[in-house]
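The values are calculated or read from the model by the stated rules, or taken from the named source; none is laboratory data. These figures come from a predicted structure and were not determined experimentally. Quick reminder, even Gly has a Cβ in these numbers, built from the backbone with ideal geometry, and neighbours come from all protein chains shown.
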Amino acid sequence: MGRADTIGYEDLRDFIAQVDKIGSLKKILGADPHLEIGAITEVGAGLPECPALLFDDIKGFARGFRIFTNATVHARRAALALGIDTALSPLEALKVWKSRRATLKLIEPVVATSALFMQNSRTGKDVDLSTFPAPHWHLKDGGPYIGSGSLIIMRDPDTGWINASIYRVQVHSQDRVTVQFDHTGRHGNMIAQKYWSRGEACPIAVVSGEDPALFIAGFEYLPAEKSEYAFAGGIKGRPIEIYPGPLTGLPLPARAEIIFEGHLLPPQEALLPEGPFGEFTGYYANDTRPAPVMQVDAMHWRDDPILLGSPPMKPPRFHFGLPFRAAGIWSDLEGAGVTDVVGAWQHVSQLMTVIAIQQRYAGHAKRAGLIAAANSYMGRLVVVVDEDIDPSNLADVMWAVTTRAEPSESVDIVRNAWSSALDPRIPGEDKMRGQTSHSKMIIDACKPFAWRDQFPASTALSIEDALSVRRKWFAND
């Protein structure tokens, strides 16, 4: 039941067609790339049905130069992108992905004899990035960003390893963009530094319009030397087709929509002010700062190209409707020997983690909460609930918090824990000193173990019964 019959999209266009087929696509004509497309994207992501959006007839651009947003923001479309049955509940779909992720067979890419992205091409002085609509997503952003969901392709000069990760790309002129690596530990930055230390520019390609499996792989925190192409192939169950870039020789997705080739210049040669840019926390975390410059020497695109846009938005809107990192925490708990974990989820764009367990012993909930807190990136809040609570349902979770947790007894604070420079609550002067930790609150919202059998009985349907009723009577809602 977990694997969807509809899996098999070849590229972004096929995925959009499948999204349309399940009634989850809204087409919008005439929007302005300056703030309006970003605003429509954010409002759409907040609607109960949360449609994917395909923009055309964009103000200032020829018809056919399109932008696709909210691709996987809804749980159903995230499941579609992963090849999981879209009829499953969100928690069931995440459980299927957790199981598949643990045993995913990587499938190496294959070289194609031709590439659709070569249908149109310009090089040298003919390069003009204003050919494509690059949205100014948020009001106080530092400029237009063509790369909010773009895949950045780079090759390690020592090992030949290909890294394909998501980094943001700001447009500065007709042939120059900046690539922001966030911090020095990113694989892209580490590869670039190897070239720069030798006095060389780093060959690089920006892919703006990859298929969703590559989009997901680009967000994954894969270890060094591991292939995002192979991971995406594993998601799809068949190899990704690649084609050598005419300028850089980098392996590029053959069915991609828009690709820029060029070189990331050494910092001593060029830097440009990048940002600010609205972050997934719903705040601006940093002011304008210098960033590496990509000299774009070639641009290639398919006929009627589609730019994949995935701007960070105010929570609970997030890139993915299924919280992939919650599946990782679920696996971490099981790997640490915590038994009877029946579910895990993250709300508020990963900033709140919820773990559901079937209590077996005193301290079971605390143990689960401590491990989840240790593995919750930036999250300040961890809640542990009983097995009758659906962790993906925030109303259910808050019901448990307000009826089963006693504030004077059920709350623990862990100090000096894992956060990030993106954290808006950490003072700027602390960030400047490298102080990017915070505290985390663990709420035990389980029935008190010592007298759980005497706890008042619930009037609610069980999760299983509720799902059965949903499938029988609300399958199409």
key: Cβ pairs under 8 Å, 6+ apart, first in segment 13-36 and in the same structural domain as Leu80 (by TED's automatic domain parsing) and on the phi > 0 side of the Ramachandran plot, second in a strand (DSSP E or B) and not small (Gly, Ala, Ser)   = Leu35/His136
message = Among the listed residues Gly369, Gly379, identify the single one that is under 30 Å from Thr41 (Cα atoms), in contact (Cβ under 8 Å) with a residue 24 or more places away in the chain and among the small types (Gly, Ala, Ser).
response = Gly379
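Can you tell me which residue in segment 211-234 is surrounded by the fewest Cβ atoms within 10 Å (Cβ to Cβ), limited to those that are aliphatic (A, V, I, L, M) and modelled with pLDDT of 95 or more? If you could, list the steps in order and put the result at the bottom.
Going through segment 211-234, the residues aliphatic (A, V, I, L, M) turn out to be 213-214, 216-217, 222, 224, 230, 232.
Subset that is modelled with pLDDT of 95 or more: 213-214, 216-217, 230, 232.
Numbers: Ala213: 25, Leu214: 27, Ile216: 24, Ala217: 26, Ala230: 19, Ala232: 27.
Of everything passing the filter in segment 211-234, Ala230 is surrounded by the fewest Cβ atoms within 10 Å (Cβ to Cβ).
I need the full set of residues from segment 254-289 which are part of a loop (DSSP other than H, G, I, E, B) and farther than 26 Å from Phe55 by Cα, in order please. Give the steps one after another, and end with the answer.
To start, the set of residues in segment 254-289 that are part of a loop (DSSP other than H, G, I, E, B) comprises 254-257, 265-270, 275-277, 279-283, 285-288.
Scanning segment 254-289 gives Leu265, Pro266, Pro267, Gln268, Glu269, Ala270, Ala285, Asn286, Asp287, Thr288.
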query = Asp297 is checked against (1) part of a strand (DSSP E or B); (2) within 30 Å of Ala52 (Cβ to Cβ) and fails just one. What number does that condition carry?
reply = (2)
inquiry  = Which condition from (1) over 18 Å from Gly188 (Cα atoms); (2) part of a strand (DSSP E or B) is the one that Pro292 breaks?
reply    = (1)
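I'm checking my understanding of the structure. Among residues of segment 271-295 that are under 23 Å from Gly38 (Cβ atoms) and touching a Leu at 6+ places or on another chain (Cβ under 7 Å), which one is modelled with the lowest pLDDT? Working first, answer last.
From segment 271-295, those under 23 Å from Gly38 (Cβ atoms) are 272-289, 291, 294; that's our starting set.
After this cut, where a residue has to be touching a Leu at 6+ places or on another chain (Cβ under 7 Å) as well, the list is 279, 281, 285, 291, 294.
Values: Glu279: 92, Thr281: 92, Ala285: 84, Ala291: 95, Met294: 98.
Of everything passing the filter in segment 271-295, Ala285 is modelled with the lowest pLDDT.
Conditions tested, residue by residue: (1) touching a Pro at 6+ places or on another chain (Cβ under 9 Å); (2) assigned by TED's automatic domain parsing to the domain that holds Ser462.
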| residue | (1), (2) |
| --- | --- |
| Pro292 | yes, no |
| His300 | yes, no |
| Val338 | no, yes |
| Val342 | yes, yes |
| Ser349 | yes, yes |
| Gln358 | no, yes |
| Gly363 | no, yes |
| Ile371 | no, yes |
message = Tell me whether segment 22-44 contains one or more residues that are under 19 Å from Pro212 (Cβ atoms) and among the β-branched types (Val, Ile, Thr).
response = yes
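Against the definition (in the same structural domain as Arg77 (by TED's automatic domain parsing), in contact with an Asp or Glu (Cβ under 7 Å, 6 or more places away or on another chain) and among the small types (Gly, Ala, Ser)), how does Ala270 come out, yes or no?
Working: in the same structural domain as Arg77 (by TED's automatic domain parsing): yes; in contact with an Asp or Glu (Cβ under 7 Å, 6 or more places away or on another chain): no; among the small types (Gly, Ala, Ser): yes.
No: the conditions fail for Ala270.
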ask   = Just wondering, is there one or more residues in segment 310-320 that are touching a residue at least 24 places away in the same chain (Cβ under 8 Å) and in contact with a Lys or Arg (Cβ under 7 Å, 6 or more places away or on another chain)?
value = no
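Residues in segment 426-447 that are without any contact (Cβ under 8 Å) to a residue 24 or more places away in the chain and not acidic (Asp, Glu): how many? Quick ask: steps written out before the conclusion?
First, the residues of segment 426-447 that are without any contact (Cβ under 8 Å) to a residue 24 or more places away in the chain: 426-437.
Subset that is not acidic (Asp, Glu): 426-428, 431-437.
Residues flagged as without any contact (Cβ under 8 Å) to a residue 24 or more places away in the chain and not acidic (Asp, Glu) within segment 426-447 amount to 10.
Checking the structure you have, find out if any residue of segment 305-314 is out of contact with any helix residue (DSSP H, G or I) (no Cβ under 8 Å at 6 or more places or on another chain), under 19 Å from Trp137 (Cα atoms) and surrounded by fewer than 24 Cβ atoms within 10 Å (Cβ to Cβ).
Step one: of segment 305-314, the residues out of contact with any helix residue (DSSP H, G or I) (no Cβ under 8 Å at 6 or more places or on another chain) are 305, 307, 312.
Next, only the ones that are under 19 Å from Trp137 (Cα atoms) stay: 307, 312.
Right, trim to surrounded by fewer than 24 Cβ atoms within 10 Å (Cβ to Cβ) and you get 312.
Scanning segment 305-314, I find at least one residue that is out of contact with any helix residue (DSSP H, G or I) (no Cβ under 8 Å at 6 or more places or on another chain), under 19 Å from Trp137 (Cα atoms) and surrounded by fewer than 24 Cβ atoms within 10 Å (Cβ to Cβ), so the answer is yes.
Sort through Val401, Val383, Val411 and tell me the only one that's hydrophobic (A, V, I, L, M, F, W, C), touching a strand residue (DSSP E or B) at 6+ places or on another chain (Cβ under 9 Å) and over 25 Å from Gly337 (Cα atoms). Spell out how you get there, then give the answer.
On the way: Val383 fails: over 25 Å from Gly337 (Cα atoms); Val411 fails: over 25 Å from Gly337 (Cα atoms).
Testing whether each residue is hydrophobic (A, V, I, L, M, F, W, C), touching a strand residue (DSSP E or B) at 6+ places or on another chain (Cβ under 9 Å) and over 25 Å from Gly337 (Cα atoms) leaves just Val401.
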request  = Could you please tell me which pairs satisfy a Cβ distance under 9 Å, a separation of 6+ or placement on different chains, a first residue in segment 58-86 that is closer than 23 Å to Pro135 by Cα, and a second residue that is basic (Lys, Arg) and part of a loop (DSSP other than H, G, I, E, B)?
outcome  = Asn70/Arg317; Val73/Arg317
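Can you tell me which residues in segment 122-148 are of a type in the set (Ser, Thr, Tyr) and buried (at least 16 other Cβ atoms within 10 Å of the Cβ)?
Thr131, Tyr145, Ser148
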ask   = Looking at Met118, Met154, which is the one that is farther than 27 Å from Gly30 by Cα, surrounded by 21 or more Cβ atoms within 10 Å (Cβ to Cβ) and hydrophobic (A, V, I, L, M, F, W, C)?
value = Met154
Residue count for segment 445-456, restricted to those that are over 13 Å from Ala400 (Cα atoms) and out of contact with any His (no Cβ under 8 Å at 6 or more places or on another chain) = 5
ask   = Looking at segment 157-221, what strands (runs of 3 or more DSSP E) fall wholly within it and have at least 2 residues that are farther than 27 Å from Leu116 by Cβ?
value = 176-180
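Just to be sure before I move on: is Leu264 under 22 Å from Asn120 (Cβ atoms) and of a type in the set (A, V, I, L, M) in the structure I sent?
Taking the combined requirement at face value, the residue does not satisfy it.
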ask   = Looking at (1) surrounded by 23 or more Cβ atoms within 10 Å (Cβ to Cβ); (2) closer than 17 Å to Ile442 by Cα, can you tell me which one Met352 breaks?
value = (1)
